[in-house]
Amino acid sequence: MDTGHERPTAEGMVSMAREESPAQTPWADVPAGLIGDADCGELLRRAVAHCAGLLGADAAVVLLADAYHRLQVIAEYGDAARLLGPDGAPDAWGPFADCYRSGTGETDIALSDPHTAARWPRFTGLAREQGHLAAHAVPMRLCSQVVGVLALFSGATAPRAERDGVFARSLADLLAVTAVQHRSLERSNIERRQLQRALDSRVVIEQAKGMLAERWGTTVDEAFTVVRAYARAHRRRLPDLARQVVDGTLDSGLVKEYFLNRR
């Protein structure tokens, strides 16, 4: 795919969408909160489905690169994710890995062509098994940097017009914004949950220290030292042990005996 073509204006994209998109493309189905409070993951899945409809594809997958430049499936339409997902063979990524590395798209990949099979044997075989006759790899760019690939599959073998390629690149770049935002939100949610678990663990440990110190008539620091040593000796997680102390499901007498034997 020639990446040197000028990107269309917003008005041009609307015009091309009207001319080239299937009449049944359900634009009214797009979430009302497109830029507001819409769930980013759901928005991305809906956007992939709409892009597939606009481009006449039977299946589409958004592949986003991680920090180690490994492509990962984060959204799909149709059944192509089974070909490219975690259970897929490492060499099944074929043209999409090449597209990400080079930053150059490739359209009208004829899966029945012997040259294609020789170039990407595993990918071609798996794609044909799912009934796909053509594939398209479109780089997704954000601030001129390739961040992933839009993978398209079709049961038709008719070559695409050049304007379709321009339109596909524009759609891929729009998907890149949502995909990166989705990844960022996922990471933020993971970090927030990890922080919350750490805070919860800290609170319950402090509660257990105070309870045992009061029962044993010792300092909080000494109680903590004993509980920590007891957890290590019995290969228990300290937060889990502390939670059992607080809710009364652990016989603190066992810990006290351990404490007395250490004095």
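In this calculation the C-beta distance from Q194 to E129 is compared with R0 = 45 Å, giving a FRET efficiency of 0.65. Ranking I74, I190 by solvent-accessible area of protein heavy atoms (1.4 Å probe, all protein chains present), from largest to smallest, gives I190, I74.
Straightening the chain between D98 and V220 buys 37.9 nm, computed as 0.36 nm per residue apart minus the Cα-Cα spacing. The gain in end-to-end length when the D108 to A67 segment is fully stretched comes to 11.8 nm, 0.36 nm per residue minus the alpha carbon separation. With a simple spin-label model that places each label point 7 Å from the Cα along the Cα-to-Cβ direction, the separation between V203 and R187 comes to 2.8 nm. For A229 and T249, FRET efficiency with R0 = 22 Å and r from the beta-carbon atoms, rounded to 0.05? Efficiency, rounded to the nearest 0.05: 0.60. Measuring nothing but alpha carbons in the range 143-263 and taking Rh as the Kirkwood radius, the Rg to Rh ratio lands at 1.46.
The values are calculated or read from the model by the stated rules, or taken from the named source; none is laboratory data. None of these values were measured; they are calculated from a predicted model. Please note: Cβ atoms are built from the backbone with ideal geometry, for glycine as well, and neighbour counts cover all protein chains shown. All accessible areas refer to the heavy atoms of the entire protein, side chains included, with ligands and DNA or RNA removed. Shrake-Rupley method; radii C 1.70, N 1.55, O 1.52, S 1.80 Å.
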